[in-house]
Amino acid sequence: MLIRRPDDIPSSEITPRMLFERRREFLRLSAGAALAGILPAAHGALGPGRASTYSTSEELTPLKHVTSYNNFTEFGFDKGDPARTAQALRTRPWTLSIDGLVRQPKTLDIEDVLKLAPLEERIYRLRCVEGWSMVIPWLGIPMSTLLKQVEPLGSAKYVEFITAVQPETMPGVRTRVLDWPYTEGLRLDEAMHPLTIMAMGLYGDVLPNQNGAPLRLVVPWKYGFKSGKSIVRIRLTDSEPRTSWMKSAPREYGFYSNVNPEVDHPRWSQATERRIGEFTKRKTLMFNGYTEQVGQLYTGMDLRKQF
Ligand code: MTE
């Protein structure tokens, strides 16, 4: 078997995954360099993370697309807006409050959130309701690790995620397009599912502002909008929270928003998707391909009605 050194490979053959591996190697070797100032020593640099059995082995979407084709309405409505305008987002100091139906409500400093557990790398598909998808190597911790900190009460059934409002840095919140703050919600068992993570990085690096720094939810079997960005508060409740998109267009966006090729958006089909960087469309998979892991959460539900 011929093994080529990375430097022998023409750049046309270099895949995003190879670039990612190189970057991880670089970060490993340069532990203690620039990023160490941002992240606790316990993690070294925000580099390799712990590989996860939940990851897909599909081709990664190039970093340049992940960071330049974004939805972050607080920072504008064109896909290219957040990459430019979210640079103003203030991500320090940052606290995360977890309260509501819990035994031990807490307000954690972002640095303490980073110390809670080793960062895990999860390569997940992200499928947007608009019909595009990406494959992204996230770095984060299981949401269950965070929620266990506050000891949810037996009466807690739902989790509401409330995101930051910074009128001075976010041009979008000065408009009435959505009811700010941007909020999302999950059932408690969905939030506790091992696939659900609080991401703090991607591609081996700190989360770029436009991708929801410093903390964003990632729920890979649901449409992208469920993955709220720049979260400041998590509230456990006994009733289903009304999310920003449900308030703005209840016929179009339901509470569950599971990726489902059989349930069309009222204005377009959800049967196919375009992977960013590719030309031919792919078939969209039920639960974004995660049926084996999450299908049982919805046993007995009519997913046409509870969309
Ligand atoms: N979070 C906040 N706070 N504001 C938003 O507008 N948009 C959502 C979600 N999280 C959004 C948000 C939508 S519609 C999508 S598709 C994903 O973020 C996009 O994440 P990405 O830009 O990192 O790919």
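Only the coordinates and a few stated rules stand behind these numbers; no lab work does. Keep in mind it's a predicted model, so treat the numbers as computed, not measured. Positions of Cβ are backbone-derived with ideal geometry, glycine not excepted, and every protein chain shown enters the neighbour counts.
Listed peptides 275-283, 165-173 appear in the order 165-173, 275-283 once ranked by packing, highest mean of other Cβ atoms within 10 Å at the front. Close amide H partners of residue 97, meaning residues 5 or more places away or on another chain with modelled amide H under 5 Å apart, are 108, 233, 234. When the alpha carbon gyration tensor of region 205-296 is reduced to an equivalent ellipsoid, its three semi-axes come out at 23, 19, 14 angstrom, largest first.
The Cα atoms of region 52-298 give a gyration tensor whose axes a ≥ b ≥ c have a/c under 1.5, which makes the shape rounded. For region 116-124, putting each phi into the Karplus relation 6.51 cos²θ - 1.76 cosθ + 1.60 with θ = phi - 60° gives couplings of 4, 7, x, 5, 10, 8, 10, 8, 10 Hz, in residue order, rounded to whole numbers and with x for Gly and Pro. Database remark: amide H of residue 222 closer than 5 angstrom to the amide H of 259 (H placed geometrically; neighbours at sequence offset of 5 or more, or on other chains; Pro and chain starts carry no H).
For residue 101, the shell of other residues with beta-carbons less than 12 Å away shows a net charge of -1, using +1 for Lys and Arg and -1 for Asp and Glu.
For region 253-258, 3J(HN,Hα) computed residue by residue from phi via the Karplus equation (6.51, -1.76, 1.60; θ = phi - 60°) reads 10, x, 5, 6, 6, 5 Hz, glycine and proline entered as x. The packing ranking, built from the mean of other Cβ atoms within 10 Å per residue, places the peptides 79-86, 107-114, 213-220, 230-237 in the order 213-220, 230-237, 79-86, 107-114, highest first.
Modelled spin-label separation between residue 281 and residue 267, with each label point placed 7 Å from Cα along the Cα-to-Cβ direction: 1.7 nm.
Taking a Cβ cut-off of under 14 Å around residue 157, the surrounding Lys, Arg, Asp and Glu residues balance to a net charge of -3, with basic ones at +1 and acidic ones at -1. Coupling constants for region 53-70 follow from the phi torsions by the Karplus curve (6.51 cos²θ - 1.76 cosθ + 1.60, θ = phi - 60°), and in residue order they are 6, 7, 6, 8, 9, 5, 4, 6, 6, x, 3, 4, 6, 4, 9, 10, 10, 10 Hz; glycine and proline get x.
Most tightly packed first, judged by the mean number of other beta-carbon atoms within 10 Å of their residues, the peptides 92-102, 139-149 read 139-149, 92-102.
Taking a ≥ b ≥ c as the square roots of the Cα gyration tensor eigenvalues, with a/c under 1.5 meaning rounded and otherwise prolate when a/b beats b/c, else oblate, which class fits region 154-280? Taking the square roots of the gyration eigenvalues as a ≥ b ≥ c, region 154-280 is rounded.
Close amide H pairs (under 5 Å, H built 1.01 Å from N) link residue 197 with 143, 218, residues at least 5 positions away or on another chain.
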